[in-house]
1. Can you tell me which of ASN99, ASN144 is within 23 Å of ALA61 (Cα to Cα), in the same structural domain as VAL87 (by TED's automatic domain parsing) and not acidic (Asp, Glu)?
2. Name the residues in segment 104-122 that are among the β-branched types (Val, Ile, Thr) and surrounded by 18 or more Cβ atoms within 10 Å (Cβ to Cβ), would you?
3. If you go through segment 154-174 one residue at a time, do you hit one that is outside the structural domain of GLY73 (by TED's automatic domain parsing), in a strand (DSSP E or B), modelled with pLDDT of 95 or more and surrounded by 14 or more Cβ atoms within 10 Å (Cβ to Cβ)?
4. Against the conditions (1) among the aliphatic types (A, V, I, L, M); (2) farther than 25 Å from VAL103 by Cα; (3) in contact with a Gly (Cβ under 9 Å, 6 or more places away or on another chain), where does ILE172 fall short? Just the number, please.
5. For segment 105-118, does any single residue satisfy the condition of being modelled with pLDDT of 95 or more and of a type in the set (Phe, Trp, Tyr)?
6. Can you spot a residue in segment 123-142 that is in a strand (DSSP E or B), loosely packed, with under 12 Cβ neighbours inside 10 Å and touching a strand residue (DSSP E or B) at 6+ places or on another chain (Cβ under 6 Å)?
7. Scanning segment 77-90 for residues that are among the aliphatic types (A, V, I, L, M) and surrounded by fewer than 19 Cβ atoms within 10 Å (Cβ to Cβ), which turns out nearest to ARG45 (Cα to Cα)?
Amino acid sequence: MRKFGLWKLFPLIVFLTALATPALTAAAQKQSEPRTEEALYREVRHQLVMLPYFSVFDNLAYSVDGNTVTLFGQVVHASLKGDAEAVVKRVAGVEKVANNIEVLPASINDDRLRRALFRSIYRFAPLERYALQAVPPIHIMVKNGNVTLVGVVATEADKNAAGIRANSVPGIFSVKNELQVENAKN
């Protein structure tokens with residue numbers, strides 16, 4: 001009886017692996033690449049909201065033009081600006097990233113206002129449901145005592161309530177309510 005060892009199959013295994021690897025790599029690459037601008041848009045959004053330090057005090061927005069993504073908005077921490085650019089660059093199909101994100105100036109007073117605004121808006125009973133979402137949709141931008149609310153809410157009443165709650169916080173110079181109403185007729 002003759003013994004047949006696996007070591008004799010090694011050249012055949014290497015040959016088959018060499019043949020299959022390019023095909024598998026190409027298939028995996030095609031599957032991970034967004035096929036349309038809309039798919040690219042969704043993937044960029046997903047990567048941005050998954051950033052670990054992205055909060056209600058940051059506003060990350062972007063536009064997609066072909067394979068170029070332009071980032072804009074405001075962030076409290078400079079590291080988030082770099083992190084946003086880095087994750088978007090890794091998205092399959094993105095060839096160029098223009099990073100126009102503004103880093104808000106460090107200010108103890110602005111930090112105090114952010115906390116007070118968060119409590120005023122998200123602890124108000126009709127708006128509490130928004131605080132329970134993984135990424136709360138009402139983003140609070142504070143720059144030198146001036147407040148801008150951005151994001152999307154369900155109703156016009158919620159938009160108005162958030163604006164009124166923001167205006168009720170002492171120490172604020174101005175409030176700009178740029179909240180959008182979900183499914184609003186243009």
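The values are calculated or read from the model by the stated rules, or taken from the named source; none is laboratory data. Remember, predicted model here, so these are calculated numbers, not experimental data. Ideal geometry is used to build each Cβ from the backbone, glycine not excepted, and the neighbour counts take in all protein chains shown.
1. Details: ASN144 fails: in the same structural domain as VAL87 (by TED's automatic domain parsing).
Within the list ASN99, ASN144, the selection yields ASN99.
2. Once the filter is applied, which keeps residues that are among the β-branched types (Val, Ile, Thr) and surrounded by 18 or more Cβ atoms within 10 Å (Cβ to Cβ), segment 104-122 yields only ILE121.
3. no
4. (2)
5. Yes, that holds for at least one residue.
6. As a first pass, look at segment 123-142 and keep what is in a strand (DSSP E or B): 138-142.
Retained after the next criterion (residues that are loosely packed, with under 12 Cβ neighbours inside 10 Å): none.
No; the residues of segment 123-142 include none that is in a strand (DSSP E or B), loosely packed, with under 12 Cβ neighbours inside 10 Å and touching a strand residue (DSSP E or B) at 6+ places or on another chain (Cβ under 6 Å).
7. At the first step, the residues of segment 77-90 found to be among the aliphatic types (A, V, I, L, M) are 78, 80, 84, 86-88.
Those still in the list that are surrounded by fewer than 19 Cβ atoms within 10 Å (Cβ to Cβ) too: 78, 86-87.
Numbers: ALA78: 19, ALA86: 13, VAL87: 10 Å.
Among residues in segment 77-90 that are among the aliphatic types (A, V, I, L, M) and surrounded by fewer than 19 Cβ atoms within 10 Å (Cβ to Cβ), the one nearest to ARG45 (Cα to Cα) is VAL87.
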